[in-house]
Each structure stands twice: as structure tokens, then as C-alpha cells.
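Here's the structure we're looking at; comments come further down.
None of the figures in this text is laboratory data; all of them are computed from the coordinates on show. From a predicted model like this one, the values you see are computed outputs, not experimental measurements. Neighbour counts are summed over all protein chains in view; Cβ atoms, including those assigned to glycine, are modelled from backbone coordinates with ideal geometry.
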Amino acid sequence: MLENPKLYISACVASSVDGVIHPANTTGYAQLGSKRDLGRLLDLRDQTDAIAVGAETFRTFPSRYRGAQGTLPVLVVITRGQNPLQDVPLASPVFSDLAAQRVTFIVTKQLPDVATQAQYPPCVRWVFASQASPVATVVHALEGHECHTLLVEGGGEIIALFAQAQALHTLYLTLTPFLLGGGSQGARHWMEGLGFSVETAPRLSLSLWSPHETPRGTEVLTTWQLTYPEDEL
């Protein structure tokens, strides 16, 4: 649990009703949500100081991480791999499009050598996170950059890290009209990681529920507020 963090942290994700964000046996980005869901994500980007994603999401999501109004929040890429050039490729539009560049923190367990770091634009800040969880390091880096809000966009392991650190305050979850299954075949879910027991799990209170019809079925935009068992003591 983080001690008195000044950063307000939310997560935004679209999943099937059974929690899948990436179907089994597929590659690349899978867009499950409607235009309305995407519009909410872009609006949330306009309202946040920073966005956090995992390296896999960074590589596969076809985006420069702009908001609806073209805003460019600080970008945090969390990678647990050993090869930064592979995990966070220089060919990404985040780096190749000069108009889309912004301060980017790359949080890693192993800093690349100086020559590798020099290949990246000056906007990139390398951050070493030696702990099993990099959440405290991310929060400290963003608070030092005078950020007050962070939007976590995934994947499931990254969202789980923030929940396990009891650092996640609000969840924007869109339920799309699919049952995808496939957990045994490699489907990815919006919440992964180590998991919780019933006693230690975050508690959620529903503050918004907005269903609407799409050509593929009923989609529901929800907003949840999170508390944690220690808050009840």
C-alpha cells in the first residue's frame, strides 16, 4: 500500500462480459468497444496528466495516445523485459511523429546502456524500478513531474499492479456484448496478476451505469469507485 500518494489514479478498459480484452489465438489490437467507448477514453485522456501502459499494449495499440482535443499527456511505459529496443521500439509513432512527442517515462527492471538510451528522443526519461512492483516508482516519478492524475490503460497485468498496491481509485469499465472465453488458449483478461482472496480484494461501488445499443448488441459503460479492506478498519 502506498503511503499518502498525491496522485489520483484511474483505469479505463473495455472487455467482454467475461472479462476478456484480447481474444485467444489472435495477434495485434482487438477493438471490442464502440465509438462511444472510444470517445470516453479520449475524453479521459484530455482530463489526465499522465497515461500508463504496459510494453505489450504500447506495441500493439494503434495510437499516439492523444486525447479528443489533441492533448498529449505524459506517457509511462512499464516494461519487465530485458530488451528495451524490442519492448519499446523506436519505430513507434510515439517517437517517430515529432508532433506527437511528449515526456515519456520508460520504467524498467534493467536500464539499457548509454548508447541504447541515446538512440531515443530527448523526451524519453529512463526510470529504474528494482522492486517486484514498479507502482511506487511510477507514482514518485510522476509526482516529481508535478502530475496529479494518472490514467492506466492496461494491459491486465499493469492494472493488477496498481490494484495490488491499493493505488487505484476509479475504474472505467465498458462491458461489450461478447462472451469470448478462451482462458486456457491464451485469452487475456483486464485483471490478471497474482489475484486476491475475498478478504483482501478491492471493494467496488457503482457510480455510473449507462447501457446503449450497438449493431453488435448492448454495450454498458460503467464507472466504479474502489476502496480497500484496510480502509474499513
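A few remarks follow.
- Were the residues from V114 through S207 laid out at 0.36 nm apart, the gain over their Cα-Cα distance would be 28.7 nm.
- Close amide H pairs (under 5 Å, H built 1.01 Å from N) link V76 with I51, A52, V53, F105, residues at least 5 positions away or on another chain.
- In order through the stretch 26-31: 3J(HN,Hα) via Karplus (6.51 cos²θ - 1.76 cosθ + 1.60), integer Hz, x for Gly, Pro: 10, 10, x, 7, 10, 8
- Kyte-Doolittle mean at least -0.5, axial Cα span of 20 Å or more - DSSP H helices of the chain: none
- Charge-dipole axis of the stretch 75-199 as Lys and Arg at +1 and Asp and Glu at -1 on Cβ define it, positive-most pick from T176, S133, I106: I106
- Neighbourhood charge, 11 Å Cβ-Cβ cut-off, centred on V94 and excluding it, Lys, Arg +1 and Asp, Glu -1: +3
- Neighbourhood charge, 9 Å Cβ-Cβ cut-off, centred on H145 and excluding it, Lys, Arg +1 and Asp, Glu -1: -2
- In this structure, the amide hydrogen of H189, modeled 1.01 Å from its nitrogen in the peptide plane, lies closer than 5 angstrom to those of I21, counting only residues at least 5 positions away or on a different chain.
- Under-5 Å amide H pairs with T149, H placed in peptide plane, nonlocal only: Y8, D49, A50
- Three-way shape label, the stretch 74-124, alpha-carbon gyration tensor, a/c 1.5: prolate
- The smallest convex shape that holds all Cα atoms of the chain, its convex hull, gives 134 Å³ per residue.
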